[in-house]
Amino acid sequence: MSESLPPVPALSNRSLDASSSSHLEVPGYDRTRLEPAVVHFGVGGFHRAHQEVYFDRLAELGFIHWGVIGVGMRRPEMRQVLEAQDNLFTVVERGVEDSAAKVIGSMVEYLLLADDRQAVRARLADPRIRLVTLTITADGYVLPDDPEQAHESVFELIVDALDERRLARDAPFTVLSCDNLPDSAAATREAVMTLARRRAPELARWIEDRVSFPGSMVDRITPATTPEDRDEIEEDFQVGDRWPVITEPFMQWVIEDDFCNDRPPLDRVGVRFVDDVAPYKLIKSRLLNGVHSALGYVGYLAGHRSTYQAMEDPDVADFIQRLMREEIAPLLPADVPGMDLDTYCDTVLERLSNPSIADQLARLCRRGSTKVPDYLLPSLHAAHAQDRPRTRLAFAVATWMRYLRGEDLDGAPIDVQDARAAELREAALRGGDDPKTLLAITDVFGDLSDDAASVTVIRESLAGAFADGRSLRSALASPAQPSDHATGTRPQETHEHSGPHPNHDAVA
């Protein structure tokens, strides 16, 4: 009879001291010496797999004055887990052939906004805090019209703390958004300034003169962690983490070099500081976020449920590759330092093909009414303005319209997760094969109805491409081609690709 293995101890400072696992990397610095300098709002999987990893690397280099205070927005379970684990958590990077795990120790405290609002305000007012970062999603930047409701926002707390610092003659902190918004810096500045103007003109002037709101571009694919993932991590790495994070080896952070109160030396751990982050955000939002949306809808209707499965499908993979190289990349600036477009396309295709990540397509399909206008439609509008090829872009929009009907090509129901799902589904069903009902929703589609070539592709796709799987595959290989009169006569630009097919086993 085999002897059962002893239980894996729960993750904590004490268990780290006793850890003998050779497969698990643990903090090599003294966590008791960490000093808080950053308050971060929105402690989800992405933040823990991205910004926290960078600050953990700083601490490993001896920069112990950049500890992070995490502020959770709405999950009391996260506070319970992190408190029990001494604010430690595990980040597991899954590559094609192997995985690596690191316990991250850079978070010195976790507070839940709903329960610890006054404590959060006190931390923000502490002069040691020199940087406030945000991953609160796009909805968090919308201020209620009612001033009373605005008191519940993150930005009200930020303004409170800045006012307290002004009155105490203390230096302010930099406010850095890490959300995927077209211009997250402008959105952050506008939210703070709106509340400051409501409060006092002198406060607004002080913030205008003294506070920096740099832009940033962040990138790392971080699927949701499942109970099965947690059990597998415990077995493989002998770490009893109740809420580990799964991610890919690739990560990127580009920040506008504009700080008003000390700058963390993040360039020592791979962050790029630049004068203008806009071109980096543009490339990433179009070639990763936009392609994510297209892959979500195309792959789902083709019968797949994960990115890896979809990219294993030669028809889907060829469509995505040509969408990137022939229609999106030619619209983007080609002279951005560190962002060679051909190499970037290669990297994105490899990342999407990583079988160890296999992000769920249903997750990519969420919030289409926000993500499609932000990430996919801008390429279509730009192609129209420049009279460029855009049949695959238009087809990707058609797949979203078909997805919005709430059932797949076999008639199985689709759970459309979108704040405007009911409105969009009704318009999609009422319009049928004619997209004009959906296109009339201009706060989503803008003036797309004025692009006759794209509307033709969308209409013909809705009428013929989604009858069944065979029709879809035929359309992926050769999307509907409107007449030369509708599209203009400019020849199609292509990018030769000498690398492997995107379905190969690639290292991200």
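Values quoted throughout were computed directly from the atomic coordinates according to the rules given, and no laboratory measurement underlies them. Everything numeric here is computed off the predicted structure, so don't read it as measured data. All Cβ positions, glycine included, derive from the backbone under ideal geometry; neighbour counts span all protein chains shown.
Annotations
- Using alpha carbons only: equivalent-ellipsoid semi-axes of the stretch 91-241, gyration tensor based, whole Å: 36, 17, 15
- Distribution of pairwise C-alpha distances over the stretch 207-279, 5 Å bins, in %: 3, 14, 17, 15, 12, 12, 11, 10, 6, 2, 0
- Under-5 Å amide H pairs with Leu176, H placed in peptide plane, nonlocal only: Val132, Thr133, Leu134
- On the basis of the beta-carbon distance and an R0 of 51 Å, Ala467 and Arg199 show a calculated FRET efficiency of 0.30.
- Among Gln360, Ser449, Tyr280 - extreme Cα towards positive end, dipole of the chain, charges at beta-carbon: Ser449
- Ordering of 229-240, 343-354 by packing is 343-354, 229-240, highest average first (other Cβ atoms within 10 Å, averaged per residue).
- Relative pair counts by distance (%), Cα atoms of the chain, 20 Å bins: 22, 52, 26, 1
- For the stretch 278-487, size of Cβ-based charge dipole, Lys and Arg +1, Asp and Glu -1, in debye: 380 debye
- Subtracting the Cα-Cα distance of Arg305 and Glu208 from their residue separation scaled by 0.36 nm leaves 30.2 nm.
- Cα-based convex hull volume of the stretch 278-487 per residue, rounded to whole Å³: 111 Å³
- Counted by neighbouring Cβ atoms within 10 Å, the residues Lys436, Lys102 run from fewest to most as Lys436, Lys102.
- Rounded to 5, the percent of DSSP beta bridges in the chain classed as antiparallel: 30 percent
- Using Cβ point charges alone (K and R +1, D and E -1), the dipole size of the chain about the Cα centre works out to roughly 900 debye.
- FRET efficiency for the pair Leu429 and Ala224, taken as 1/(1 + (r/R0)^6) with r the Cβ-Cβ distance and R0 = 25 Å, rounds to 0.25.
- Cβ-derived FRET efficiency at R0 22 Å, Lys436 paired with Gln481, nearest 0.05: 0.60
- Placing pseudo-labels 7 Å out from each Cα toward the beta carbon at Asn13 and Glu83 gives an inter-label distance of 1.7 nm.
- Options Ile320, Leu438, Ala480, ranked by Cα towards positive dipole end of the stretch 278-487, top entry (Cβ charges): Leu438
- Sequence-distant residues sharing a close amide H with Phe89 (under 5 Å, placed H): Ile104
- With neighbours defined as other Cβ atoms within 10 Å of a residue's Cβ, the residues Met193, Met217 order from fewest to most as Met193, Met217.
- Separation in nanometres of the label points that stand 7 Å from Cα toward Cβ, at Ala362 and Asp410: 1.5 nm
- Listed by Cβ neighbour count within 10 Å, with the fewest neighbours leading, Trp400, Trp243, Trp253 appear as Trp243, Trp253, Trp400.
- The stretch 166-227 and the stretch 404-427 have Cα centres spaced 35 Å apart.
- Asp231 paired with Glu97, simple spin-label distance in nm, labels 7 Å along Cα-to-beta-carbon: 3.0 nm
- Residue list for the stretch 385-403, given a label point 7 angstrom along the Cα-to-Cβ vector of Ala138 and an amide N cut-off under 20 Å: 393-403
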